[in-house]
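So that we are looking at the same thing, I have put the structure below in structure tokens.
Each reported figure results from applying straightforward, stated rules to the coordinates on display, with no laboratory input. Worth saying up front: this structure is predicted, and the values here are computed from it rather than measured. With ideal geometry, Cβ positions are generated from the backbone for all residues, glycine too; neighbour counts draw on all protein chains shown.
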Amino acid sequence: MRARSSLLVLPGYLALTLVLTWPLLREISSAVPAAIGTQGEVLGGPFVIGWVLKTLFRDPGQVFHLPIFHPEPLALAYSDHLIGEALMAAPAVSLTGSLALGYNRVIILSFVASAWAAYRLTRLVGVSRSGAFLAGLLFAFAPFRYSNLGFLNQITTEFLPLGLFFALRFVRRWRRRDLAGATATLVAQSYCGWYYTLYLALAYVLLALYAWAAGWLRRGRVPWRAVGVAALAGAVLVLPGLLPFLELRRIMPGFGRTLGMTAMYSADLLDYVKTSRGNWLAGRWPGLTTGLACWPGLVTVPLALVGLASLWRERRRAAEVGYFAALGGVAFLLSLGPVLHVAGKQLPIPLAYGAVYFLFPGFSALRGPARLAVLVLLAAVVLAGVGYDRWLRRLGARGERVLFAGFAAVAVISSLNAVARVPLPRRDAMPPAYDWLARRPGSFAILELPIPATESEEDSVDLVRQFHILHHGRPTLDGVSGFVPPAVRRLRLELQSFPDRDVLREAALRGARYVVVHLEELTPEARAEWRRTPAPSGLVPRVRFGDDLVLELDPALTASGGRGSDTPDTRRRTSPPDSAPRAR
């Protein structure tokens, strides 16, 4: 009966996913999910998935040339390229033509696969089937994952427990097939997101150090040659997705993250006692919620503490489970960033992340140390499985059903979370100005105004504009991504008081032929000024669709100088309430 119960693991996780992400299933082919408060940021992922699917099989050489920030190179590498997630979405998109359906397939798969991988990892360390199933539930439906529901690269967490599953099996028996599994998992993760790739590599390094300290390396013969071959093969397989990032670091000054920036995106100590926004139990009290919840869960924390305490009494399992205690502790410390933050205040207490930033390859390219909370969560659910089994031994086999049902019920209730949905812009609803531009002959870029002055002013309006690139096919001089090139930052500032001839000439030299002015997005004063002066010097009116004015840049701009004086303002009105600025 116990063996047959294993067949219910995957269907059980799938059923829980469909229930706990409702009403996503009802709108699976038209909208994508988002965490409460992040609706304005979610369209970036579907846009990248749509672009990768559009180019990967037709013209793979163009995949990294995302048509934003034109003509800056390799714009797809300004954030995670999501090629792995695009391949997961490809079957559904090719069969149905629905990008939303393919995207949501990846979301649902992330819940089921993350739960299953955590289940297998927890079973590996000797936890009972019911305890391992509970651990998978606690991992997949944790507040951290709900906080990242709108960010595909951060919710694809299944490779973390799967990689550690293979790595832990390898250090047990030194079998080459387990080494191949650990390597293949790391490679697969590299095509889904660099954050978790480096986190998994860090977990591997910690496991190697722990194995050395525990004396495991003296147990049997370590196949060092196979380890070297696996490392070389993994590096070769990762290289195609890594080369564009390395090329950008070579050619573009400022491409990367400063240590001060990592301090801004570190976890606050109190984030570990806060849950996700929209949580059914705690959502009514804003002080108990946060944008990136690091709290492992209402059931996870007490069970993990019991599991941690049991390590002192159970020598048999203490060695392997002790690794997860060490992993969780290290990840917790690193997630706090280079300096300590408590209750929103930065304290002058330096932490270990500063050393990792300089010493561990790749960490200097990461912005958000707070995301290391995913390793804290993974370690906590493994310890929670151990703690569950300790309770189970006290109650005996007869009490297993009651114990499991009680903890599972509390886990599910505490996991109830509101799921926001954001409809994907449809091609048949594309503004007429974009349709007009799509039908113009030749190859050219467009400049859309108003333009955000800084990254903090980017909002859902900019993401909707960007998403329509998939429909009209024209690159733009601006964009929304994890990194804004220095040349675009300068252009944005110059375009705030719209623009003199020198700025227009720079836009023309960057490949723009048309300027689209969205009058409804301007302040009332700027809108009135545009109506008084609809054609500044250097621009020729072409067509107007409602509040969208399309002008053509004068070709003579690239050969003439001088500054214009009849240039209307392009001050942007305040973002509407449902357009949350990017804050992550």
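Hey, can you rank 406-412, 374-380 by average C-beta count inside 10 Å, highest first?
Ranking the peptides 406-412, 374-380 by packing returns 374-380, 406-412.
Report relative contact order for the chain in percent, whole number only (criteria: Cα-Cα under 8 Å, sequence separation at least 6).
The normalised contact order for the chain reaches 18 percent.
Specify which labelled value, from [x] 26.2, 80; [y] 24.7, 78; [z] 25.9, 88, agrees with Rg and Dmax of the Cα atoms in Å derived from the coordinates of the model shown.
Among [x] 26.2, 80; [y] 24.7, 78; [z] 25.9, 88, the one calculated here is [z].
If packing is taken as the average number of other Cβ atoms within 10 Å across a peptide's residues, how do 505-512, 290-297, 461-468 rank, most packed first?
My ranking of the peptides, most packed first, is 290-297, 461-468, 505-512.
Rounded, prolate or oblate for region 224-358? Axes are the square roots of the Cα gyration tensor eigenvalues, ordered a ≥ b ≥ c, and the cut-off for rounded is a/c under 1.5.
oblate
Whole angstrom only: what separates the Cα centroid of region 367-409 from the Cα centroid of region 478-536?
54
Also, I was wondering about something else. For residue 226 and residue 418 in one chain, what is 0.36 nm times their gap in residues minus the Cα-Cα distance, to one decimal in nm?
64.4 nm
Suppose we keep just the DSSP beta bridges with both residues in region 427-558; what percent of those would be antiparallel, to 5?
65
Using per-residue counts of other Cβ atoms within 10 Å, averaged over each peptide, order 209-215, 320-326, 175-181 from highest down.
Ranked from most to least packed, the peptides come out as 320-326, 175-181, 209-215.
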